[in-house]
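**Student:** One structure coming up, written as structure tokens, with questions to follow.
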Amino acid sequence: MSYSVKHQRNHHDILVTAYSNPDLDGTACMIAYAEFLQKDGYSATAVLCGVPHREAQFVFETFNIVFPEDADSFLIKDAQVVLVDASDVNGISNAIHPLQVIELIDHRKINQADRFPNAKIQIELVGAAATLIAEKFASYHIDISPHSAALLYSAIISNTVNFQAGVTTGRDKKMAGWLLKKFKRPRDYIHRMFTYKSTLTQPIAEIIEQDFATFDFNHRKVGIGQLEILHVDEFIKSHSINIEKALVKIKKKKLLDIIFLSTIDVEKANTTFIIVDNVSKELLEKTLRISFKKGIAQKKGILMRKSIVHLLKQSLAETTQ
């Protein structure tokens, strides 16, 4: 059975990419989906915009995987682009025009899929976009390489925080199990991956901006940083002043109305929020039913940004009615 993309002018030079500076999910998906298309008879290349997150770098080093090609050498006006783990014009490379996108695969409820009129759209609410890519290999009986299997498996584990996050679905668990049969997982691999992700050596502002997303809701510009690490309490205690300074700096630079940092403890399975202004405090207390003390609040369970964004959008809509 052949899998075809929509509105394709020819079968050459399909570029598969994600957001600029992609996380592990985006990086894994671009490599694996390029492989899928190649094995289905297309000329496809995974191209990287920017630098992938440190967690992706750990997976690449562990399995001796070669990084994707630099997108700057490939993104020309006539290039056909497939976006994976991305569905928003904000965050993708400025070299990509929405009309160039012929396919879009993502898992976010809040998206701008309508901004890509020439694209075949697949948006399904699973924990990781990697699950959707793995399902294609399984459904179409196309062999997957050990490298792509390791990347997709790692992305599912990361995005679902080892199946603890509320965004986790049965499909994520099923595909993770299927992928585990396709590569050899090192001993204590998941703990090692999260430990590596928790080793933070860069300035705090850079760390926060590496996984920072902005949204426009009801004329309010919202910025959310997200960290998924071990020992969150110790991290906040050691870096609270620098975290606050970084949030103030980012808020000013990006002209944000609301800003906060969400820190997920991947072993204790709780979420801690840090704010630096009263507007953000009031919105989060109302929306998430939490209470801040000295700019910090904690909520039991793992609450991922994609879930928070949906709740904030609803809350801000109610305030303008």
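**Student:** Being among the β-branched types (Val, Ile, Thr), closer than 14 Å to THR160 by Cα and assigned to a loop (DSSP other than H, G, I, E, B) is the filter here; which residues of the stretch 126-147 pass it?
**Tutor:** VAL126
**Student:** Separate question: Would you check which residues across the stretch 269-289 are surrounded by fewer than 18 Cβ atoms within 10 Å (Cβ to Cβ) and either outside any helix (DSSP H, G or I) or not aliphatic (A, V, I, L, M) (or both) and list them?
**Tutor:** ALA269, ASN270, ASP277, ASN278, GLU282, GLU285, LYS286, THR287, ARG289
**Student:** State whether one or more residues within the stretch 100-111 are acidic (Asp, Glu), modelled with pLDDT of 95 or more and in a loop (DSSP other than H, G, I, E, B).
**Tutor:** We begin by selecting, within the stretch 100-111, every residue acidic (Asp, Glu); these are 103, 106.
Retained after the next criterion (residues that are modelled with pLDDT of 95 or more): 103, 106.
Right, trim to in a loop (DSSP other than H, G, I, E, B) and you get none.
Looking through the stretch 100-111, none of the residues is acidic (Asp, Glu), modelled with pLDDT of 95 or more and in a loop (DSSP other than H, G, I, E, B).
**Student:** Right, something else. Quick check on THR263: is it among the hydroxyl-bearing types (Ser, Thr, Tyr), free of Cβ contacts under 8 Å to residues at least 40 places away in the same chain and either on the phi > 0 side of the Ramachandran plot or outside the structural domain of LEU125 (by TED's automatic domain parsing) (or both)?
**Tutor:** For THR263, the condition - among the hydroxyl-bearing types (Ser, Thr, Tyr), free of Cβ contacts under 8 Å to residues at least 40 places away in the same chain and either on the phi > 0 side of the Ramachandran plot or outside the structural domain of LEU125 (by TED's automatic domain parsing) (or both) - is met.
**Student:** Any idea which residue in the stretch 115-124 is surrounded by the most Cβ atoms within 10 Å (Cβ to Cβ), counting only those that are part of a loop (DSSP other than H, G, I, E, B) and of a type outside the set (D, E, K, R)?
**Tutor:** PHE116
**Student:** List the pairs whose first member sits in the stretch 125-143 and is assigned by TED's automatic domain parsing to the domain that holds LYS182 and surrounded by fewer than 16 Cβ atoms within 10 Å (Cβ to Cβ), whose second member is aromatic (Phe, Trp, Tyr) and assigned to a helix (DSSP H, G or I), and whose Cβ atoms are under 7 Å apart, counting only residues at least 6 apart or on separate chains?
**Tutor:** ALA138/TRP178
**Student:** Collect the residues in the stretch 26-47 that are assigned to a helix (DSSP H, G or I) and among the acidic types (Asp, Glu), keeping them in residue-number order. Show your work before the answer.
**Tutor:** As a first pass, look at the stretch 26-47 and keep what is assigned to a helix (DSSP H, G or I): 26-39.
Of everything in the stretch 26-47, just one residue is assigned to a helix (DSSP H, G or I) and among the acidic types (Asp, Glu), namely GLU35.
The values are calculated or read from the model by the stated rules, or taken from the named source; none is laboratory data. All values derive from a computational prediction rather than experimental measurement. Ideal geometry is used to build each Cβ from the backbone, glycine not excepted, and the neighbour counts take in all protein chains shown.
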